[in-house]
1. Using alpha-carbon positions, what is the distance between the centroids of region 96-163 and region 212-231, in Å?
2. So for the chain, considering every pair of alpha-carbon atoms, how many percent are separated by more than 28 Å?
3. At what distance in angstrom do the alpha carbon centres of region 256-283 and region 174-204 lie from each other?
4. Give Lys220/Lys276; Lys191/Lys276; Lys194/Lys220 a once-over and call out the pairs whose C-alpha atoms are over 28 Å from each other.
5. Mind checking the log10 I(q)/I(0) for region 3-103 at q = 0.14, 0.16, 0.17, 0.19 Å⁻¹? Debye, one equal scatterer per Cα, no solvent, two decimals.
6. So how many Å³ per residue does the convex hull of the Cα atoms of region 159-316 work out to?
7. Mean separation of Cα pairs under 8 Å and 6+ residues apart, divided by the residue count of the chain: what relative contact order is that in percent?
8. Testing the spin-label approximation: label points 7 Å from Cα along Cα→Cβ at Ala293 and Asn313. State their distance in nm.
Amino acid sequence: MTLRAIHAADAEALDEAEWMAPFLANLARDDLAPATLRGYRYDLRHFLAWHRTVQDDAFTLDGLAEYELIAYRQHMVAAGRRPATVNRRLDALRRLCRWARGTGVLAADVARDVRPMRTERNRQPVGLTDIEVHALLRAAGASSHGLAARNYAMAQLLLQAGLRVGEVAALRVADITMNDRSGSVRIRHGKGLKAREVPLNATVRRALRQHLDRRQAPGKDAALFVSSRETAMPVRTIQAVVTSLARRARLKRVAVSAHTLRHTFALGYLRDNPGKLVELASLLGHDSLDTTAIYTRPSRDDLAADLERSHLNVDG
């Protein structure tokens, strides 16, 4: 089954999902972030569209069976989807099934025994090298159409404060506090709708001042980063800007996204402040140190270097 076939079935499948709105409303009552809700909806739409292409009968939630979830998982594996993508979509279905079981729509939780794909967890996320960071910032500073100050400030904020792209998109001018010797950015609605405050170093303060100086006296409630049409930049646009900067900087070692810059911040923080995992978790807005600990795991390059230094690395 092709992606085109899934998309062709998408609209028709959604007409049958009367349960979608009450399910998402239930998630909203659990204080899930709007971006998370959109992700669940997108993943469930994908499942419904796939189901439409393999079953003659219309989908009904009370008729959902375990074998269908397993078949869907195998379809994604065969299509070459990454384990993280497969597991994220299965998680959306698990939450749906738990909700349906709790409301009496399903007699049993049919997703309970559907296993996720195994993922490799012994590697740290990949960040940019110092040389790559400088190349990205040069590309941002050389942006055309009067966007250099904005793009440079945005890149510096992602690199120097480690914010999530959704958090950057939600920032208002009033969320930035700066003076000569200190500054901070206030995240009003982070992941899980949790607020936090992140200090801003001198480099990002200078970049933000230059960016704001070029704006025509924006009000405190104005979006911090706006498009050429003076409208707030959504997540997708910010991602596109980062991707474009990486392309112009000729960064080809890794696929660069806004989240890559967050990884770069975290890895750089621990390199400069060894052992300060609790402090890093606070800056990143992590609830659990287990989440932050991924940055302490060995990288592929670290493992390769260890093996190169092995006393067994000799010819016979």
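Coordinate-derived values only; no laboratory data. From a predicted model like this one, the values you see are computed outputs, not experimental measurements. Virtual Cβ from ideal backbone geometry, glycine too; neighbours counted across all protein chains shown.
1. Region 96-163 and region 212-231 have Cα centres spaced 25 Å from each other.
2. Summing the P(r) tail past 28 Å for the chain gives 52 percent.
3. Between the Cα centres of region 256-283 and region 174-204 lies a distance of 16 Å.
4. From the list (Lys220/Lys276; Lys191/Lys276; Lys194/Lys220), the Cα-Cα distance tops 28 Å for Lys220/Lys276.
5. Results for region 3-103 at q = 0.14, 0.16, 0.17, 0.19 Å⁻¹ read -0.51, -0.68, -0.78, -0.98.
6. It comes to 154 Å³ per residue, whole-number rounded.
7. Value for the chain: 17 percent.
8. In this crude spin-label approximation the distance works out to 2.8 nm.
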